[in-house]
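Q: Shown below is the structure under consideration.
What follows draws every value from the coordinates through simple rules; no lab data is involved. Keep in mind it's a predicted model, so treat the numbers as computed, not measured. Using ideal geometry, Cβ is built from the backbone for each residue, glycine included, and neighbour counts are taken over all protein chains shown.
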Amino acid sequence: MVIVLVSVIFGVLYEMYKKHLQFKAKTLKYNQQNDEQSNELKQQVAQLTERVQVLEKIVTDEGYQVQKDINNL
């Protein structure tokens, strides 16, 4: 009876350990996907920031203001 009880307990513990490993693998995969998405978003933000800086330079350029004033006349 003791042998059966010990076998069942170790069987249950082994299954719990396997589930734990599966959960860790899923968590790692999920974190890697989030890291990839995060890097993509960072690149997009950097590109958009660059574009906004170029647009700010164009708008604050004196030649642009002069052309705008001429068009308003």
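Q: Send over the per residue convex hull volume for segment 1-40, Cα only, as a whole number of Å³.
A: Spread over its residues, the Cα hull of segment 1-40 gives 23 Å³ apiece.
Q: With charges set only on the Cβ (+1 for Lys and Arg, -1 for Asp and Glu), what does the dipole of the chain come to about its Cα centre, in debye to the nearest 20?
A: For the chain, the charge dipole is close to 680 debye.
Q: Divide, for the chain, the radius of gyration over alpha carbons by 2.2 N^0.38 Å, where N is the residue count.
A: 2.76
Q: In the chain, with Lys and Arg counted as +1 and Asp and Glu as -1 at Cβ, which of these residues, 59, 4, 17, has the Cα nearest the positive end of the dipole, that is, farthest along it?
A: 4
Q: Using only the alpha-carbon atoms, how far is helix 62-72 inclined from the longest principal axis of the chain? Give it as 0 to 90 degrees, nearest 10.
A: 70
Q: Could you name the lysines whose alpha carbon sits less than 20 Å from that of residue 68, not counting residues in the same chain fewer than 8 places away?
A: Candidates past the 8-residue exclusion: 57.
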